[in-house]
Amino acid sequence: MATKPTTPERVAVLETKVDALREDIQQMHVENRDDHARVMSKLEKLEGWKNNWLGIVAIIGPIIAFLAAHIDWAQVLK
């Protein structure tokens with residue numbers, strides 16, 4: 001028949017499990033930080049591209065609108 005563990009034995013087992021959980025949480029935290037940094041880097045690159053395209057459209061759009069309004073396309077296409 002198995003003997004019931006004593007309170008100090010039970011506490012020791014629980015302390016071991018808590019230490020293991022702390023290590024797991026620390027590892028997850030590091031992985032999460034790495035993933036977060038990787039996602040932020042990708043978002044910053046995408047935002048840079050978006051800003052570049054918006055700048056291009058902001059410059060070219062009015063030029064095209066001006067040309068469309070002031071050029072006699074019937075004469076150009078003859």
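Every number in this text was worked out from the coordinates using simple rules, so none of it is lab data. Quick caveat, the model's predicted, so the values are computed rather than measured. Please note: Cβ atoms are built from the backbone with ideal geometry, for glycine as well, and neighbour counts cover all protein chains shown.
Please report Rg (one decimal) and Dmax (integer) in Å for the Cα set of the chain.
Final numbers for Rg and Dmax: 32.9, 106 Å.
Could you name the lysines whose alpha carbon sits less than 20 Å from that of LYS17, not counting residues in the same chain fewer than 8 places away?
LYS4
Using the charge dipole of the chain (Lys, Arg: +1 at Cβ; Asp, Glu: -1 at Cβ; taken about the Cα centre), state which of PRO8, ALA20, VAL76 has its Cα farthest towards the positive end.
About the Cα centre, the residue reaching furthest to the positive side is VAL76.
Please check which bits of region 45-62 a label hung off HIS70 would reach, taking the label as a point 7 Å along Cα-to-C-beta and the cut-off as backbone N under 20 Å.
Once the point is set 7 Å along Cα→Cβ of HIS70, 57-62 turn out to lie under 20 Å by backbone N, inside region 45-62.
Identify which of LEU14, LEU43, LEU54 has the largest mean-square fluctuation in a Gaussian network model of the chain, with springs joining Cα atoms closer than 10 Å.
LEU14
Can you give the angle from 0 to 90° between the axis of helix 7-70 and the longest principal axis of the chain, with both taken from C-alpha atoms, to the nearest 10?
0 degrees
Place a +1 charge on the Cβ of each Lys and Arg in region 8-76 and a -1 charge on the Cβ of each Asp and Glu, then give the dipole magnitude about the Cα centre in debye, rounded to the nearest 20.
The dipole magnitude comes to about 240 debye.
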